[in-house]
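Just so it is clear, none of the values below were taken in a lab; they were calculated from the coordinates. All of these numbers come straight from a predicted model, not from anything done at the bench. As a convention, Cβ positions derive from the backbone with ideal geometry for all residues, glycine included, and neighbour counts pool all protein chains shown.
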Amino acid sequence: MTVPQNVLNDPDCIFCKIVAGQIPCHKIYEDDTLVSFLDIGPLVPGHALVIPKSHYRNIFDIPPELFARISAQLPALACAVTTAVEAPACHILLNNGSQAMQSVLHLHYHIIPRKNGDRFFIPWRPGSLDTATALKLVSEIKNRLG
Ligand code: AMP
Ligand code: ZN
């Protein structure tokens, strides 16, 4: 896979504009590396986003150290967001690439609180895994990990 070229603070990126204060958001948390704010098109009440202040497209180009710092805030943010809407559960979702439903190419975690009977639905249709396919895949993945 070709690793995408990283561009810091992209002037055409809507999330960079939020970081820069050029467009408004309903901010719930900010520190030196990340910002968290409510999603403008919530799938359910409380749907929030967590983004790095620096522009990285997704999991394929963010430095692991920065990813770790952002991820370290997720337990506290997810707990606060989820309990604020009195939900008992939540998804932490990270879309990487347009085929994986990423529409804004600035890395962002979704925090999506869940309740019984809410309107959010993920079609989850398990396939099957045969041994030959599994062995081939494990080998190819391990080769890439080095
Ligand atoms: P994704 O499909 O994973 O790229 O999700 C992008 C998310 O960003 C969607 O859920 C949008 O509703 C949300 N979004 C787009 N623009 C804004 C904005 N200006 N403020 C807050 N959320 C936004
Ligand atoms: Zn950006």
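Once phi is turned into ³J(HN,Hα) by the Karplus curve 6.51 cos²θ - 1.76 cosθ + 1.60 with θ = phi - 60°, what whole-Hz value does each residue of region 23-30 show in order, with x for glycine and proline?
Running phi through 6.51 cos²θ - 1.76 cosθ + 1.60 with θ = phi - 60° gives 10, x, 8, 8, 6, 10, 6, 8 Hz.
So what is the relative contact order of region 14-145, in percent, for Cα pairs below 8 Å that sit 6 or more residues apart?
About 24 percent, as a whole number.
Sorted from fewest to most neighbouring beta carbons within 10 Å, what does the list PHE120, PHE37 look like?
The most exposed by this proxy come first: PHE120, PHE37.
Which of the cysteines in the chain are isolated, no other cysteine C-beta under 4.7 Å?
Within the chain, the cysteines lacking a partner Cβ under 4.7 Å are CYS25, CYS79, CYS90.
What FRET efficiency comes out for the pair ASN143/ASN9, r = Cβ-Cβ distance, R0 = 30 Å, nearest 0.05?
0.25
Can you tell me the length gained on complete extension of the stretch LYS136 to PHE121, counting 0.36 nm per residue apart and subtracting the Cα distance?
Values: separation 15, 0.36 × 15 = 5.40 nm, distance 3.26 nm.
Separation in residues times 0.36 nm, less the Cα-Cα distance, equals 2.1 nm.
What does the convex hull of the alpha-carbon atoms of the chain project to on average, in nm²?
10.8 nm²
How many lysine pairs are close in region 1-139, with Cα atoms under 27 Å apart and the two 8 or more places apart or on different chains?
Number of lysine pairs found: 4.
Filter the GluC sites (Glu not before Pro) in region 49-146 to those in DSSP coil with at most 16 other Cβ atoms within 10 Å of their Cβ, and list the result. Don't skip to the answer; put the middle values down first.
On the way: sites: GLU65, GLU86, GLU140; in loops: GLU86.
When the GluC sites (Glu not before Pro) of region 49-146 are filtered for loop state and at most 16 Cβ neighbours within 10 Å, GLU86 remain.
Under the rule of -39500 (n - 2.57) per DSSP H run of 4 or more residues, summed and divided by the residues of the chain, what mean residue ellipticity at 222 nm is obtained, to the nearest 500 deg cm²/dmol?
Mean residue ellipticity at 222 nm (helix-derived): -8500 deg cm²/dmol.
In nm, give the distance between the simple-model label positions of MET101 and ILE40, each being 7 Å from the Cα along the Cα-to-Cβ direction.
Each label point lies 7 Å from its Cα, and together they span 2.0 nm.
Note down the nm distance, to one decimal, between modelled labels 7 Å out along Cα→Cβ at GLU30 and at ARG69.
That separation, rounded to one decimal, is 1.6 nm.
Which far-off residues, 5 or more places away or on another chain, put their amide H under 5 Å from the one on ARG114, with H placed in the peptide plane?
So ARG114 has HN proximity to ALA89, CYS90, HIS91.
Using each residue's phi in region 83-89, evaluate 6.51 cos²θ - 1.76 cosθ + 1.60 at θ = phi - 60° and report the 3J(HN,Hα) Karplus result to the nearest Hz, with x for Gly and Pro.
Per residue, the Karplus-derived 3J(HN,Hα) values read 6, 4, 9, 6, 9, x, 7 Hz.
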